[in-house]
Amino acid sequence: MSVVAPVILAAGMGSRMKSGTPKVLHKIGGRAMISHLLATVGSITDEEAVVVVAPGMDDVKGEVSPARCVIQPDAKGTGHAVKCALPEVKEGADTVLVLYGDTSLLSRETLIKMIEAASADKKPAVVVLGFEPADPLEYGRLVLDQKGDLAAITEYADADETVRKIGLCNSGVMAIRGDIASELINEISSNNAKQEFYLTDIVEIANRKGYTCTAVIGDEDELLGVNNREQLANAEAVLQRQWRKQALESGVTLIDPDTVFFSHDTQIGQDVVIEPNVFFGPGVKIGDNCQIKAFSHLEGCSVENSSTIGPFARLRPGASLGENVKIGNFVEVKKSRLDDGAKVSHLSYIGDAHVGADANIGAGTITCNYDGYDKFKTEIGAGAFVGSNTALVAPVKVGKGAIIGAGSTITRDVDDDALSVERAEEVQKSGWAARFRKLKARLGK
Ligand code: UD1
Ligand code: CA
């Protein structure tokens, strides 16, 4: 097996994003761009990636940990970035695989194709992944020779009209022969339009030295670079399309696929029906035969088989729902376990709670879990019935099978099978309303 050492470039300012956040931390499908790349790279090599970051990019370091980071003191270009990484790259690696942190949709299959091309008999010094985008924009252009080998990469800013007409573009993914990587990189100069050390120059350098360079062609959808928010949205759309297709193929009904949004790790069982306008943030797992009704937002939660969520429900991180649970409209659940058959059908907030099996939580029930400083737990026993508009002031326990009268504010634990009702005594004044209206009429109202 050949040793592939990945280097990911992430030190650029990403100024076109107009953002206070480093570009590679912007998310696609609920995950930072750079983490998509690390996951894909991790699936083809055991070598840990070296990530090139700018000084002060501690957030990026945190995101990519335990991958090693090297600092590129000034953003002097992609060639300079690779130069900074080389001392950290495993000695004796057969291939240095350079990836750009902003080109993160790359598939495992395409990387394997790159590695295969890099180990071809003619031992190419450099293999570049090219693509033919519908709109070639300002991508670098791949110039091929008569044999179809790669003669040069010309950056858009330095290209003349003829070269700009070339449709084959540089994706930024490059496999460099490990034994000559530093020799080639060290010859890059900054004599160009942007006065940067372009990594892309190593193709011409290698050719000049008599080595061969080749191109592998990849799919546009995988190779879109993200330089601005519009391209970020385009990349998101590509992933969402893939994930919707995968969901449909795996036995999930999406009534209007284009309105359902998944995250990179969304797991959905068979025969789940998802109505329009549903959003899955990261960390959601749905069992079989569930229904997720329209306009629901789920994140960091798990739902077991045959449960119904929504419409207009919000499941926040730590919501764990058993089988046959019902969460109705305008219900928010956070960090709470609802056992099998529990029902919260309307207008409730359930936070930091445990709701036992088959308990029924009436409309408008709120767990008052926060006193402005700390969070407290609410325990509701199996089979309990909590009347509408109850405030459960945590910490508090409602026993198994207990009944809470509607409109109660419960601050003390309720025993199993007890009735607890907290309400001022109701007063009824006969004829009062009629007298009131008569008085108003006399005043001309
Ligand atoms: C680059 C390529 C271009 C290609 C395009 C594909 C070069 C010179 N140009 O252009 O041929 O078509 O990507 O998307 O390589 N970076 C650093 N340090 C630096 C500069 C950049 O780490 O000093 C990183 C950036 O964080 C980014 C990546 O390298 O992740 C690419 O840099 P970027 O400025 O986006 O290059 P492009 O102009 O898109
Ligand atoms: Ca770019």
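The values are calculated or read from the model by the stated rules, or taken from the named source; none is laboratory data. Being a predicted model, the structure only gives us computed values, none of them experimental. Cβ placement follows ideal geometry from the backbone for every residue including glycine, while neighbour counts extend to all protein chains displayed. Surface areas here come from the heavy atoms of the whole protein model, side chains and all, with no ligands, DNA or RNA. Shrake-Rupley method; radii C 1.70, N 1.55, O 1.52, S 1.80 Å.
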field: Of all residues making up the stretch 281-307, the number that are assigned to a strand (DSSP E or B), surrounded by fewer than 21 Cβ atoms within 10 Å (Cβ to Cβ) and under 22 Å from the mean Cα position of the chain (by Cα)
entry: 3
message: Any residue in the stretch 6-17 that is more than 15 Å from V60 (Cα to Cα) sitting within a Cβ distance under 6 Å of a residue that is in a loop (DSSP other than H, G, I, E, B) and more than 11 Å from ligand 2 (Cβ to nearest atom)? List the pairs, counting only those 6 or more apart or interchain.
response: P6/A49
- request: Please tell me if L97 is in contact with a Ser or Thr (Cβ under 8 Å, 6 or more places away or on another chain), open to solvent by less than 10 Å² (accessible area, probe 1.4 Å) and within 16 Å of ligand 2 (Cβ to nearest atom).
  value: no
field: Of the criteria (1) open to solvent by less than 20 Å² (accessible area, probe 1.4 Å); (2) near ligand 1 (Cβ under 9 Å from one of its atoms); (3) of a type in the set (S, T, N, Q), which one T110 fails
entry: (2)
- prompt: Residues of the stretch 62-83 being over 23 Å from the mean Cα position of the chain (by Cα) and either buried (at least 21 other Cβ atoms within 10 Å of the Cβ) or within 16 Å of ligand 2 (Cβ to nearest atom) (or both), which ones?
  reply: Q72, A75, K76, G77, T78, G79, H80, A81, V82
- line: Considering the stretch 240-266, residues that are part of a strand (DSSP E or B) and within 16 Å of Q291 (Cβ to Cβ), and then whichever is farthest from the chain's Cα centre (by Cα), we arrive at T253
- request: Would you mind telling me which numbered condition in (1) open to solvent by 40 Å² or more (accessible area, probe 1.4 Å); (2) touching a Lys or Arg at 6+ places or on another chain (Cβ under 8 Å) T154 fails?
  value: (1)
task: Identify the residue in the stretch 189-212 that is in contact (Cβ under 8 Å) with a residue 60 or more places away in the chain and either buried (at least 23 other Cβ atoms within 10 Å of the Cβ) or assigned to a helix (DSSP H, G or I) (or both) and, among all such residues, is farthest from ligand 1 (Cβ to nearest atom).
output: A206
field: Criterion violated by V226 - all others in (1) surrounded by fewer than 20 Cβ atoms within 10 Å (Cβ to Cβ); (2) within 25 Å of P133 (Cα to Cα); (3) of a type in the set (V, I, T) satisfied
entry: (1)
field: Which listed residue, of K400, K445, is farther than 22 Å from E304 by Cβ, of a type outside the set (F, W, Y) and open to solvent by 70 Å² or more (accessible area, probe 1.4 Å)
entry: K445
- prompt: Condition test on M33, is it within 15 Å of ligand 2 (Cβ to nearest atom), farther than 27 Å from Y211 by Cα and out of contact with any strand residue (DSSP E or B) (no Cβ under 9 Å at 6 or more places or on another chain)?
  reply: no
task: Give the residues of the stretch 230-280 that are surrounded by fewer than 16 Cβ atoms within 10 Å (Cβ to Cβ) and on the phi > 0 side of the Ramachandran plot, sorted by residue number.
output: G251, D271
query: When you scan the stretch 1-22, how many residues do you find that are of a type in the set (G, A, S) and within 23 Å of V41 (Cβ to Cβ)?
result: 6
message: Can you go through R423, R435 and tell me which one is in a loop (DSSP other than H, G, I, E, B) and open to solvent by 50 Å² or more (accessible area, probe 1.4 Å)?
response: R423
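So which of A81, A11 is small (G, A, S) and assigned to a loop (DSSP other than H, G, I, E, B)?
Answer to the check: A11.
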